[in-house]
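Asks: Before anything else, here's the structure in question.
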Amino acid sequence: MAIITLTTDFGEKDHFAGATKGAIYSELQDVRIVDISHSISPFSIPEAAYIIKNAYSSFPKGTIHIIGIDSEINPENKHIAVKLDDHFFICANNGIMSMICTEIAPEKIVEINIHDKIQTSFPVLDVFVKAACHIARGGTLEVIGKTIHEIKPIKNIVPYVNDDKTQIIGSVVYIDNYGNVITNIKRSFFETIQKGRAFEISARNNKFKTIYKKYSDFVNFEIEENKRNDEGRGLVVFNSGDFLEIAVYKSNSGTVGSASTLMGLGLMDAISVNFIKT
C-alpha cells in the first residue's frame, strides 16, 4: 500500500488540506495519507526544508512526499518531482529540496510538464496529486516530466566560514513549537571547523560556551529541586536532527518564555560561533 505524506502551509482552518486528501482518495482509495505538518509559516521555504529533511527518513522507502509551499507556478517557480534516497518528493523548484540535497545526491529530477492537461489554480490539489498518484501506481518520473540535473538552491543553507577558520556564521532556519531556535549549523560541519578548539556561540547579546548532549544535562541535580531555578535559562544542544539549537530549559512562551521570545531571535537571524585560538 502506497504512502503519501503532506507538508504544507495550509493551516487547519481552511479546506485546502482536506480537499487535497479527498483528491488523492478519489484517485487511489487504498492509499495511506500521513500529515507531516500543515502549520509551516506561510511561504517559509527554510521551515519547510527543515521539517521535510527531519521527517522523511522515518517513512518506508518508496514513500511519496507532497510539499505544498509557495507552489503557484510561474517562470521562476516550476514544479519538480525528485527521487532521492529511494523516496519521491513533489514540490516547487524553490529551494525546499536543497537542505536534503546538500547531503544526498538525487537519483533523478524531472520538471513536471503535465500542466497543459490540467486546468488549475490550485496546483497542490491538481498537479501534485496527479503526479503523486501516478508514482504510487508504479509510474515513472519520465512520463510526467523532462529530466533536469539541478535544483534551485536556497539562500544561506550552508553557514559561512571565514578564511582563517576562526568563525562560523549561521542563521536561524526554524523555530519549533517550544520557541527553541534551530540554526543551519550541523554537528558534523561544526566539528570539522572546530578541530577540538574552545568556542563561544553568540546570539544577539547572549553568549554560550558549552553545548550539552541533552536538555537535562544543563541541570545540576545535586541542588534541591525547589532551589535550582533552572526553568527559563538558556542553553545550547545539538538536537535530534543534529542541528545546533539554542533553547530555554522547559520553555513556555506563556510563563517562563522561550529562546525566541527572551532572546529576540527570529527566522534568518545570524548566529555566530567564534573559535578560540590555543
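Asks: Looking at the square roots a ≥ b ≥ c of the eigenvalues of the Cα gyration tensor of segment 146-200, which shape do they give, rounded for a/c under 1.5, prolate if a/b is larger than b/c, or oblate?
Replies: Verdict is oblate for segment 146-200.
Asks: Along segment 257-263, what does the Karplus equation 6.51 cos²θ - 1.76 cosθ + 1.60 (θ = phi - 60°) give for ³J(HN,Hα), rounded to whole Hz, x for Gly and Pro?
Replies: x, 9, 4, 5, 6, 6, 9
Asks: Each residue of segment 180-188 in turn: what ³J(HN,Hα) in whole Hz from Karplus with 6.51, -1.76, 1.60 and θ = phi - 60°, glycine and Pro shown as x?
Replies: 5, 10, 9, 9, 8, 8, 8, 4, 4
Asks: With a/c under 1.5 counting as rounded, go ahead and sort segment 8-97 into rounded, prolate or oblate using the C-alpha gyration tensor (a ≥ b ≥ c being the square roots of the eigenvalues; past the cut-off, prolate if a/b is larger than b/c, else oblate). Could you put the intermediate results ahead of the total?
Replies: On the way: a/c = 1.35, a/b = 1.08, b/c = 1.25.
It comes out rounded by the Cα gyration axes.
Asks: Would you please give the residues with an amide H less than 5 Å from that of Tyr178, counting only those at least 5 places away or on a separate chain, with H modeled from the backbone geometry?
Replies: none
Asks: Mind ranking Glu191, Glu76 by accessible surface for me, highest first, 1.4 Å probe?
Replies: Details: Glu191 95, Glu76 145 Å².
Largest accessible area first, the list is Glu76, Glu191.
Asks: For Ile271, which sequence-distant residues (separation of 5 or more, or a different chain) have an amide H within less than 5 Å of its own amide H, given hydrogens modelled in the peptide plane?
Replies: Excluding prolines and chain starts, which carry no amide H, the hits are Gly170, Ser171, Val172.
Asks: Hey, what did the chain get for relative contact order, percent, Cα under 8 Å, at least 6 apart?
Replies: Values: 541 pairs, mean separation 42.9, N = 278.
In percent, rounded to a whole number, it is 15.
Asks: While we're looking at this one, here's another question. For Lys209, go through the lysines and keep the ones whose alpha-carbon is under 19 Å away, minus same-chain ones fewer than eight residues off.
Replies: Cross-link targets: Lys165, Lys186, Lys195, Lys277.
Asks: Along the charge dipole of the chain, pointing to its positive end and built from +1/-1 on Cβ of Lys, Arg, Asp and Glu, which listed residue (Ile36, Met97, Ile157) has its Cα farthest out?
Replies: Ile157
Asks: Here's a follow-up. Do the sum for the chain: with -39,500 (n - 2.57) for every DSSP H run of n ≥ 4, divided by all residues, what is the mean residue ellipticity at 222 nm, to the nearest 500 deg cm²/dmol? Walk me through the numbers on the way to the answer.
Replies: Numbers: 6 runs with 48 residues, N = 278.
Per the formula, -4500 deg cm²/dmol.
Asks: Also: Return the long-range amide H neighbours of Leu84 (sequence gap of 5 or more, or a different chain), with a cut-off of under 5 Å between placed amide H atoms.
Replies: Hits under the 5 Å cutoff: Phe89, Glu107.
Asks: Separate question: In sequence order, what are the phi-derived ³J(HN,Hα) couplings for segment 154-167 according to the Karplus relation 6.51 cos²θ - 1.76 cosθ + 1.60 with θ = phi - 60°, rounded to whole Hz, with x for glycine and proline?
Replies: Per-residue couplings from phi come out as 9, 5, 6, 6, 9, x, 8, 10, 6, 4, 8, 6, 9, 8 Hz.
Asks: Go through Ile66, Ile148, Ile201 and say which Cα lies farthest out towards the positive end of the charge dipole of the chain; charges sit on Cβ, +1 for Lys and Arg, -1 for Asp and Glu.
Replies: Most positive-ward Cα: Ile201.
The values are calculated or read from the model by the stated rules, or taken from the named source; none is laboratory data. Predicted model only: the values in this text are computed from it and were never measured. Reconstructed Cβ throughout: ideal geometry from the backbone, glycine too, with neighbour counts over all protein chains shown. For the accessible areas, the whole protein counts, side chains as well, though only heavy atoms, and no ligand, DNA or RNA atoms are used. Shrake-Rupley method; radii C 1.70, N 1.55, O 1.52, S 1.80 Å.
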